[in-house]
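*Asks:* Structure incoming, see below.
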Amino acid sequence: MHWELELVFFSILIILALVALTVRNLLTAVVMLNVFSFLSALLYVVMGAVDVGFTEAVVGGGITGVFLVVLIFKTTRRSVD
Amino acid sequence: MMVNATTYTSLVPLLTVLVSLGAVPLIILSSRRPNLREFWTIAAGVAKLALVVSLLPSLLRHRIAVLNLGEIVPGVDLAFKADALGVFFALIASSLWLFTSFYSIGYVRGLQEHKQTRYFAYFAVCLSATMGIAFSANLATFIIFYEILTIATYPLVIHKETEEAIKAGRKYLAYTLTAGVFLIAAATWTYLLAGHLDFIPGGLLKNIPFEPKTAWSLFTLFLLGVGVKAAIMPLHSWLPTAMAAPTPVSALLHAVAVVKSGVFGVIRVGLFVFGPELLRRFHLDYLLLTSASLTIIIASFLALKEDNLKRRLAYSTVAHLSYIVLGVGLISSPALLGSLLHLAFHATMKITLFFCAGAIYVHLHKEKVSELDGVGHVMPWTMGAFAVGSIGLVGLPPVNGWLSKWCLGWGAVAAARPLYLIILILSGLLNAAYFFPIIYRAFFRQGETGKTGEASLLMVVPLVLTAILSILLGVWPDLGFKFFKIAHEVGRVIFGGVS
Amino acid sequence: MKEAENNPIVSLIASIVSPFIMLFGLYVIFHGHYSPGGGFQGGTLMAASIILIRLAHSGQTGQLQFPATLNTPLGSLGVLIYYGTGLAALWWGGQFLNYAYLPLAQAISWRRSWGILMVEIGVGLAVMAILVSIFDDLLEDNSYD
Amino acid sequence: MIKFLLGHYAYWFILALLVIGLYGLIIKRNLVKKVIGLSIFQVAIILFFIASSTKWGATVPVLTDHQEVIQSAAYINPLPHTLMLTAIVVGVATSGVAFALIILIYRRYRTLNENELLERLKEDEPE
Amino acid sequence: MRVVNYILLGVFFLLLIYASTSLFYRGDLEALVNREKSPANSPNAAAYYIRHAYHDTHSPNMVTAILADYRGYDTLGEETVILTAGLICFLLLRRERKKKKKSSPEKKQ
Amino acid sequence: MNPSSLVPFPPLIYLFAGIFIPLVTLRWRRLAGWLALTATTAAAFFSVINLLQVLKQGIIPYRFGGWIPPIGIEYILDPLSGFVITVINLIALGVIVHAHQSVKAEIKESRWPPYYALVMLFLTGANGIIMTGDFFNLYVFLEIGSLSLYGLIAVGEKKSPVAAFRYLVMGTVGGGFYLLGVGFLYLVTGSLNMGDVRNILPHLQVTAPLVVALTLMLIGLGIKMAVFPLHGWLPDAYTYAPSPTSAIMAPIGTKIGAYAIARIFFFIFGIRLITQIVPIAQVLAWLSAVGIIYGSVLAMAQNEIKRMLAYSSVAQVGYIGLGLGLANSFGFIGALLHIMNHGLMKACLFLVAGNFRLKLGHSRIDRLDDSLRRSMPWSAAAFTLAALAMIGVPPTVGFFSKWYLALGTIASRNWLFLAIILLSSLLNAVYFFRVIERMYFPWRGSSQKRTLSSPAPKNESQEVSLGLLLPTLIFALALIVVGFLNVWLVKTILTKALPAGF
């Protein structure tokens, strides 16, 4: 267990989560979420869960991101909160 | 307490329930042929009466018909038992149903009522439920038929489908369903206390250790449950409202099925669930006595100021039902005898009065007491019967009412509670005060009626017959079905032969 | 998406990259026994390669590689392979999904190994087809209302 | 004390993430934001399982030398990993369905804001 | 309403934190999760997987072995979940291919 | 064949149908309904066989992959799961027969294959939850069931996607809470197998994580079950979903949550833990009691039959929760009985609501009139019977569950709960008789509205076709028949299904 590394990751994750939820532009929020997913995947790997990290990277960084982008292009990019 | 009474298994109690239920599909199927349809009604009535009567001989030899259909909820069977009280009630209901059926046919045809098929079908269901109530061997079976009766009466109450009738139906349902709910609560509680729900003369809860608080709460719950149909004040107010129904329905409600089931329930609860000992020990009888006397007095005054004939009769019913409750509350053998006799006799008298009111309505379209001037000249038979019924309810011989009242008074004295004798006498005077003016108007005043002659024979014959029956029973109470003997038997079973 | 014109450079790069992703996905599926990865990851990668082509070539052109009509049947088929493996074990006398009863190899551990492989293939196929199907459906221009 | 902190601090971060995700779900009015909150919520749960699977001095649950394992303490607990693979897939599936629903809602009501949506729903009420 | 939500979230957070403090340390070998046997003397699943996965399935990757074999039924469920998602998108969004008209005559309801 | 090998058949059959239908019916769409019907029949058949088997020889476990319990996943067939699965599959059978016609009316033909596949998957989820003996497996099947429901709801009328989205958010949070609870439980006990956890728990001290695990599971499953403050998704979902969906969701959906709560809290954690150490049962009972009143009162205010039924569901689920929360044998039997009874009643009522929608094009109470009694006599009669059952009139099924629940409340000396149970049956009477009056009696107060909005009363019979009518009537009949069978059910099945400790 590399706790220093984990601590850094955790802090960034929390900040990213808050940013993704508060930013007005949904596209930015989606990108933030992608980064968040990717970082969490790295965190899984750091914690020893290689398979889960791999899956999360593929899914969270890839497919969900694409889906969200498609979603936003089909609907609207703005959000009031 | 079951002094030398033996039981035997018999299908008859179930058949009495099923016979009118079986008539329902026949009635519905023959909806397009009125004569056939009404034939079924009458046939079922005759068959039912015959079945009930067939129970009599063995009952008088202390043999009780029972039938157990298996458990309905664990620990409680769906069971029938034709004990003396049950047969007594069944006899009243089935014999008067026959009268009511004939009369109904005349009534609905006379008014060309709509939806006659529905009317007769629910009528039959009601009677089935009443038989079930009479013959139920335990509280669960009793509740099942009690609730069926509630639901089956609803379409009859709203039969006219006017705004008023629907409102009356709502009120009726609100009261009776609430009562059913209380009854279920009381029954489940009893079940947990006693472990079974079988009616036992002398009380199924007799040997259970009780706290006074528990006994009072349970008894109050029961009384709320059965008291609504028995129209004990202040639970009575559905009854006058339900007068919006057609007159035969009122007759059914007031004389045969519904309210009598209520007081029957009071008897069952008071003497077969709690039992005289328990009532005395916790002074539960005061609850019965006080509510009954108050009801008698107040209802009589309300009847006095009511102008609508049927509503006046309704309040009179409320008062007279409480006679029966009073008889139960006095806890003495003669009072119980009086109670049971009043159960039967009030039925014959009140049904006569309602039949008369219906005949007047069908024939002359008059509903108010103040409009009845001179009716006696147009419809002498009808008003004669009405006079007979009134005299009986006031409590004068030779009509049967005097006998039951006399027994009740005797019971009050025997129980060393003369206060209630005074109440009975006072109530008799009040009865006279609200019935005799009607007779006076009908016979001794001149009025414009617009029509001559009696109503149709189908209506007049039953009402005259019931009036004659009332007189005959007053003179010879053991006539035909041996009402007196059976009532006596009930008292013997409960109070152990002391009478 | 939308009516974006096909950028030739994007198309070219997508066309070049896509097969490699597909190959990598297949590798991940078949190498799931020995290293991190398996049916789901591989299937997702294959779906990604197909979606990349669809993103680069709009309209019908993107469908040439992998027509949308195949999505649902292939997805069902993938799950059916998984289910069928379990059912086969049931058929040959074992419990559902008990690969030890599959008539594939002598040693029980190898039977299980082969069973796992079959299952992973089913998973990969299903995941690929269904993810592409979700993508297609999300991109669908008008629904039925 | 240090040992206590080291052994538990990860849970606190994870639970903070969980509550942030819930905050997005409950308080944010935009439907896409809700889905983002949902993703964060799920990631937090996954992290919780993964964090709990670690062992002092253990290694990744992939055998390198293909030998029989005698000592289970040598490898990280693989069971939560497996469970979380399933949970991730469930999460993707849920997001996919959520996207489909959002697109349908947008087509019908032209908005993604929950407040506006509620207003338009009221307008639709017959009579 | 919003304030209530915030308070609820905060209370929930604190409760969870409080609960987590009495969990075992992360990586504690004494935790029930990491023991070889449970207190009821049944085998611990995780320890069993670690020791027997290769022997049972010839798969060095324990996660794969658990995923596809020991808990294969879960994974079948997982595939079903994703199939469900696909079918829902099909059900809700897919366009009719045969009809060119935007509003088909057999509109629903 | 070894009887234990039949244990997983009901969920597996549904699963097969769910996979198979989209594969083959892309070409032959009309096959979808028939395949679903076949699968449901087969599943119901095997559930009955399983039930008979379990009554004969006691608990039968089934081990997937041949692994012994804590290693692999197992299914547990005991009287409880056997009973609930049989009830649910038989109800599903009736609803699917009905759906065969109503889907034709409400769903476009091109959507039949996915629609039926999702129905099958929903039933897979339900069956899997009932059978499973593994905490995580329960989560997976919970999600299968929930996800397919989101889709099934969202094909409804215009507002349905919003309702589905709201349900999705709540349902996912519920699933997440449940999963987190499983995580805590796993950390505390080190096992995911239910039987194993039950054996381990007595060796452990009750610590905060265990309490939190219980609470989180209760919240998670409570959302599925729609216990009072967590019911928010239910009314909209039931109302805006297409008729076949609401007909299959209402009798089955919430019952699964109730079953899972009964299974996990009463069988795994045990009575002592949830009543004396952590008062989960009391909390459940109180919430349910509030829910009963709340649901009944709101049901009275509704003007749409489906919405009224939805709120009534909130109340009726409260009955189940109350019965469970009483934590005595009467209450538990009452709750189990009510799972079945309410399933039957709600199935019947929603089928009738579907019939109304089909023939009248709406199911609004203020637009019903007495022409119904002539045009749709059988549907109206079925509705009336089911309404009477909801009120609890003997000898319909509703009376018996009320009886047991009343016994349970008295046995635990809780007069307030008794009052609530009894009061709510009166409230039921109020809102059901409102509809019955409309159906059977001319409504003078609204004569103007009638001329405006609905066509003149038709006298000729407009009754729905036999395929729709038959399941409705069978359910209505079952309400009475099952009422008489209840002693047999209780004696042969339910008393065996009681958890230890009563």
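*Asks:* List the trypsin sites (Lys or Arg not before Pro) in the range B:51-136 that DSSP assigns to loop (not H, G, I, E or B) and whose Cβ has at most 13 other Cβ atoms within 10 Å. Which are they?
*Replies:* Passing both the DSSP loop test and the Cβ count: B:Arg61.
*Asks:* What whole-number volume per residue, in cubic angstrom, does the convex hull of the C-alpha atoms of chain F give? If you can, show how the numbers build up before the last one.
*Replies:* On the way: hull volume 66.0 nm³, N = 502.
So the per-residue hull volume is 131 Å³.
*Asks:* Let me ask something additional. Could you work out [θ]222 nm for chain B from helices alone, using -39500 (n - 2.57) per DSSP H run of at least four and dividing by all its residues? Round to the nearest 500 deg cm²/dmol.
*Replies:* Using -39500 (n - 2.57) per qualifying helix, the result is -23500 deg cm²/dmol.
*Asks:* Okay, next question. Normalized C-alpha radius of gyration of chain E, against 2.2 N^0.38 Å?
*Replies:* Numbers: Rg = 24.7 Å, N = 109, 2.2 N^0.38 = 13.1 Å.
Taking the Cα Rg and dividing by 2.2 N^0.38 Å, one obtains 1.89.
*Asks:* Further, regarding this structure: Relative to the compact-globule scaling 2.2 N^0.38 Å, provide the ratio for the alpha-carbon radius of gyration of the range C:8-139.
*Replies:* 1.20
*Asks:* What nm distance separates the two modelled labels at F:Trp28 and F:Ile59, each placed 7 Å from Cα along Cα→Cβ?
*Replies:* Distance between label points: 4.4 nm.
*Asks:* Using a simple spin-label model with points 7 Å from Cα along the Cα→Cβ vector, what separation in nm is obtained for C:Leu64 and F:Ala500?
*Replies:* So the label points at C:Leu64 and F:Ala500 sit 6.9 nm apart.
*Asks:* Related question: Divide, for the range F:121-207, the radius of gyration over alpha carbons by 2.2 N^0.38 Å, where N is the residue count. Can you show the working numbers first?
*Replies:* Numbers: Rg = 16.0 Å, N = 87, 2.2 N^0.38 = 12.0 Å.
Ratio of Cα Rg to 2.2 N^0.38 Å: 1.33.
*Asks:* Under 13 Å from a label point 7 Å along Cα→Cβ of F:Gln282: give me every residue in the range F:305-326 with its amide N that close.
*Replies:* Answer for this model: F:326.
*Asks:* Then there's this: Normalised by the residues of the range C:79-145, what does the relative contact order come to in percent, with Cα pairs under 8 Å and at least six apart?
*Replies:* Across the range C:79-145, relative contact order equals 26 percent.
*Asks:* Next question. Amide H neighbours of B:Ile72 under 5 Å, counting only residues 5+ apart in sequence or on other chains, H built in-plane at 1.01 Å?
*Replies:* For B:Ile72, whose amide H was placed from the backbone, the distant partners under 5 Å are B:Asp77, B:Leu78.
*Asks:* Pairs of Cα atoms under 8 Å, at least six residues apart: use those to get the relative contact order of chain B, whole percent. It would help to have the intermediate numbers written out before the result.
*Replies:* Details: 915 pairs, mean separation 75.3, N = 499.
That works out to 15 percent.
*Asks:* Okay, which of the range F:192-208 sit inside 17 Å, backbone N to the point 7 Å along the Cα-Cβ direction of E:Asn41?
*Replies:* Residues passing the 17 Å test: F:196-204.
*Asks:* Then there is this: Which parts of the range E:44-70 would a label at C:Trp110 reach, counting a residue when its backbone N lies under 20 Å from a point 7 Å out along Cα-to-Cβ?
*Replies:* E:53-61, E:65, E:69
*Asks:* At R0 = 22 Å, how high is the FRET efficiency between F:Gln205 and D:Trp56 if r is their beta carbon distance? Nearest 0.05 is fine.
*Replies:* About 0.40, to the nearest 0.05.
*Asks:* Taking neighbour counts of Cβ atoms within 10 Å as a proxy for exposure, in what order, fewest first, do C:Thr72, E:Thr84, B:Thr16 appear?
*Replies:* C:Thr72, B:Thr16, E:Thr84
*Asks:* HN-Hα J couplings of the range F:351-359 from phi, Karplus 6.51/-1.76/1.60, θ = phi - 60°, integer Hz, Gly and Pro as x?
*Replies:* Whole-Hz 3J(HN,Hα) from phi for the range F:351-359: 5, 5, 4, x, 4, 4, 4, 5, 8.
*Asks:* May I ask you to evaluate 6.51 cos²θ - 1.76 cosθ + 1.60, the Karplus curve with θ = phi - 60°, for each residue of the range D:26-42 and list the ³J(HN,Hα) values in order in whole Hz, giving x for glycine and proline?
*Replies:* 8, 9, 5, 9, 7, 5, 5, 4, 4, 5, 4, x, 4, 4, 4, 4, 5
*Asks:* Right, another one. Taking H as built 1.01 Å from N, whose amide H comes closer than 5 Å to the amide H of B:Thr7, not counting residues under 5 places away?
*Replies:* B:Ile64
*Asks:* If we restrict to alpha carbons, what Rg and Dmax does the range A:3-74 come to, in Å?
*Replies:* Calculated on Cα positions, Rg and Dmax stand at 12.7, 42 Å.
*Asks:* For a quick check: with amide H placed at 1.01 Å from N, whose amide H comes under 5 Å from F:Glu304's, ignoring anything fewer than 5 positions away on the same chain?
*Replies:* F:Ile365
*Asks:* May I ask you to derive the FRET efficiency for B:Thr220 and F:Val297 from their Cβ-Cβ distance with R0 = 25 Å, giving the value to the nearest 0.05?
*Replies:* Rounded to the nearest 0.05, the efficiency is 0.40.
*Asks:* On to the next question. Decide, for the range F:174-286, between rounded, prolate and oblate: order the square roots of the alpha carbon gyration tensor eigenvalues as a ≥ b ≥ c, take rounded if a/c falls under 1.5, and otherwise choose prolate if a/b is larger than b/c, else oblate.
*Replies:* It comes out prolate by the Cα gyration axes.
*Asks:* Explain nothing, just compute: Karplus ³J(HN,Hα) = 6.51 cos²θ - 1.76 cosθ + 1.60, θ = phi - 60°, for every residue of the range C:79-93 in order, whole Hz, x for Gly and Pro.
*Replies:* Each residue of the range C:79-93 in turn: 5, 5, 4, 4, 4, x, 4, x, 5, 4, 4, 5, 5, 8, x Hz.
*Asks:* Students often get this wrong, so check it: of A:Lys74/F:Lys346; B:Lys260/B:Lys485; D:Lys33/F:Lys359; D:Lys3/D:Lys33; F:Lys159/F:Lys359; B:Lys310/B:Lys485, which have C-alpha atoms separated by over 31 Å? Mind dumping the intermediate values first?
*Replies:* Details: A:Lys74/F:Lys346 39 Å; B:Lys260/B:Lys485 20 Å; D:Lys33/F:Lys359 41 Å; D:Lys3/D:Lys33 38 Å; F:Lys159/F:Lys359 22 Å; B:Lys310/B:Lys485 33 Å.
Beyond 31 Å between Cα atoms: A:Lys74/F:Lys346; D:Lys33/F:Lys359; D:Lys3/D:Lys33; B:Lys310/B:Lys485.
*Asks:* Give, to the nearest whole percent, the P(r) tail of the range F:75-131 beyond 13 angstrom, counting all Cα pairs. Numbers along the way, then the final one.
*Replies:* Working: 1032 of 1596 pairs.
Result: 65 percent of Cα pairs exceed 13 Å.
*Asks:* Could you work out the mean count of beta carbons from other protein chains within 10 Å of each residue's beta carbon in C:27-39?
*Replies:* 6
*Asks:* Just the number: Rg to Rh for chain B, Cα atoms, Kirkwood Rh, two decimals.
*Replies:* 0.95
*Asks:* With a Förster radius of 56 Å, plug the Cβ-Cβ distance of B:Lys305 and A:Asp81 into 1/(1 + (r/R0)^6) and report the FRET value to the nearest 0.05.
*Replies:* Values: r = 70 Å, r/R0 = 1.24.
Result of the calculation: an efficiency of 0.20.
*Asks:* Is there a pair in E:Lys37/F:Lys496; B:Lys81/B:Lys171; F:Lys306/F:Lys402 whose C-alpha atoms are over 28 Å apart, and which pairs would that be?
*Replies:* Over 28 Å Cα-Cα: E:Lys37/F:Lys496; B:Lys81/B:Lys171.
*Asks:* Above 19 Å lies some portion of the pair distances; for the range B:1-63, what is it as a whole percent of all C-alpha pairs?
*Replies:* 45
*Asks:* How far is helix A:64-74 tilted off the main Cα axis of chain A, in degrees rounded to 10, range 0 to 90?
*Replies:* In chain A, helix A:64-74 runs at an angle near 10 degrees to the longest axis.
*Asks:* P(r) for the protein assembly as shown: what percent of alpha-carbon pairs falls in each 10 Å bin, starting at zero?
*Replies:* Bins of 10 Å from zero give 1, 8, 15, 18, 16, 13, 10, 8, 6, 3, 1, 0, 0 percent of pairs.
*Asks:* Sticking with this structure for a sec: Test of the criteria: in the range D:1-75, which chymotrypsin sites (Phe, Trp or Tyr not before Pro) are in a DSSP loop and have at most 15 other Cβ atoms within 10 angstrom of their Cβ?
*Replies:* D:Trp56
*Asks:* Using alpha carbons only, how many angstrom separate the centre of the range B:207-231 from the centre of the range E:1-69?
*Replies:* 57
*Asks:* Using a 7 Å offset from the Cα along the Cα-to-Cβ direction at both A:Ser11 and E:Leu15, what is the distance between the two label points in nm, to one decimal?
*Replies:* 3.1
Any read-out appearing in this document is the output of simple, stated calculations on the displayed coordinates, not a laboratory observation. Since the structure is predicted, the reported quantities are computational estimates derived from the model, not experimental observations. Cβ: placed from backbone, ideal geometry, glycine included. Neighbour counts: every protein chain shown.
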